[in-house]
Structures are given as C-alpha cells and as structure tokens.
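Encoded as structure tokens, the structure appears first; notes follow it.
The values are calculated or read from the model by the stated rules, or taken from the named source; none is laboratory data. Note that the structure is predicted; figures quoted are calculated from it, not measured. As a convention, Cβ positions derive from the backbone with ideal geometry for all residues, glycine included, and neighbour counts pool all protein chains shown.
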Amino acid sequence: MNYYSIGQAAEKFGITESALRYYEKKGLLPLMERDEAGRRIFSENQMALFETVLCLKNTNMPISKIKQYIEWVVEGDSTIEQRLSMMEKHKKAVLAEISLMTVSIKRIDYKISRYLDAIQKNDLLREAENDVQILT
C-alpha cells in the first residue's frame, strides 16, 4: 500500500497542511497513522475517505454531520443504512441549493446585462456630446 506525507496529501487535495491537521483534530481523519519519526502519513484508504470528507464539506454539510458520517464508517457495515439515509438527505439538500443558485444566476445575469446596457448608453451619449462640441 502507498502512503503519502502530509505535504503530499495537502498538495493532492489543494489544501494546506494546517487544514489537514484541523480536520484531524475535528475527528474527520480517524485512525491516523504515523511514521517512525511521528509524522502523519496517509494511506490510500485514508486518502479516499478524506476525498469524501472534502466532497461533503464542499457541498455545505456541517462538520458535525461529516463527523457522524466518519464515525459510522469506522463502525463498519452495521451503519450502512444510516449512511445511505444521510447521503440521500444530503443529496436532496444539494439539489435544492443548485436549483436556488440556478435561479439566482439568472438574476445576476439580468443585472449584468442592464449595467452593460447603461454603460453603452453612457458611451453613446458622450460620443454625441463630443460630436456637438466639435460642430460648435
């Protein structure tokens, strides 16, 4: 099995080493292994699990719920139904947020269009004023 240093893991996930330490302190990196010098090392299994942690975090699952999920993972197959239920509920929440964001981006696009139109009208007005000044 391959192992990764904290620096390698941080680089792979695009986060800082201190962020990884934070997640460990919050209980989101269970059963952390260490090398002979006491430095954290990440197994491939831990990397895969942490990828899930980041996915959940990036989709706005609270740290407390992610921690519950990790505890269930550590408990094993007896918690599969709880994990499934949690993922189904979270998926619904994520889809609702995507829907809201889709509606919101349309409003933002509308405002951008209005501002671009206003700038263009101001530019045309300035050009017309300059033309009048040249003629006078």
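In segment 2-10, the condition of being out of contact with any Asp or Glu (no Cβ under 9 Å at 6 or more places or on another chain), among the aliphatic types (A, V, I, L, M) and free of Cβ contacts under 8 Å to residues at least 60 places away in the same chain is met by no residue.
All conditions in (1) farther than 27 Å from Lys12 by Cα; (2) at pLDDT 95 or above hold for Leu116, with the sole exception of (2). On the given criteria, is Ala19 in contact (Cβ under 8 Å) with a residue 40 or more places away in the chain, on the phi < 0 side of the Ramachandran plot and in the same structural domain as Tyr69 (by TED's automatic domain parsing)? Answer is no for this residue. The residues listed here are Glu51, Glu36, Glu44, Glu81; of these, the one that is among the acidic types (Asp, Glu), over 21 Å from the mean Cα position of the chain (by Cα) and surrounded by 11 or more Cβ atoms within 10 Å (Cβ to Cβ) is Glu44.
Among the residues of segment 1-43, which ones are in contact with a strand residue (DSSP E or B) (Cβ under 8 Å, 6 or more places away or on another chain), among the aromatic types (Phe, Trp, Tyr) and under 23 Å from Gln68 (Cβ atoms)? Listed by number, the list holds a single entry, Phe42.
Screening segment 33-75 for residues that are of a type outside the set (Asp, Glu) and in contact with a Gly (Cβ under 8 Å, 6 or more places away or on another chain) and picking the one that is nearest to Asn2 (Cα to Cα) gives Ile70.
Residue-wise test of (1) of a type in the set (A, V, I, L, M); (2) modelled with pLDDT under 95; (3) touching a Lys or Arg at 6+ places or on another chain (Cβ under 9 Å).
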position	(1), (2), (3)
Ile105	yes, no, no
Asn122	no, yes, no
Arg126	no, yes, no
Leu135	yes, yes, no
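Residues that are of a type in the set (A, V, I, L, M, F, W, C), at pLDDT below 95 and surrounded by 10 or more Cβ atoms within 10 Å (Cβ to Cβ) do not occur anywhere in segment 65-73. The C-beta contact set for segment 83-104 (first residue under 13 Å from Met61 (Cβ atoms), second residue hydrophobic (A, V, I, L, M, F, W, C) and at pLDDT 95 or above, distance under 6 angstrom, 6+ apart or interchain) comprises Arg83/Trp72; His90/Met61. Looking at segment 94-106, can you tell me whether even one residue there is closer than 18 Å to Leu29 by Cβ and part of a helix (DSSP H, G or I)? No, there is no match, as no residue in segment 94-106 is closer than 18 Å to Leu29 by Cβ and part of a helix (DSSP H, G or I).
For Lys106, state whether it is among the charged types (D, E, K, R), farther than 30 Å from Glu17 by Cα and outside the structural domain of Glu11 (by TED's automatic domain parsing). Considered against the rule, which asks whether it is among the charged types (D, E, K, R), farther than 30 Å from Glu17 by Cα and outside the structural domain of Glu11 (by TED's automatic domain parsing), Lys106 comes out as yes.
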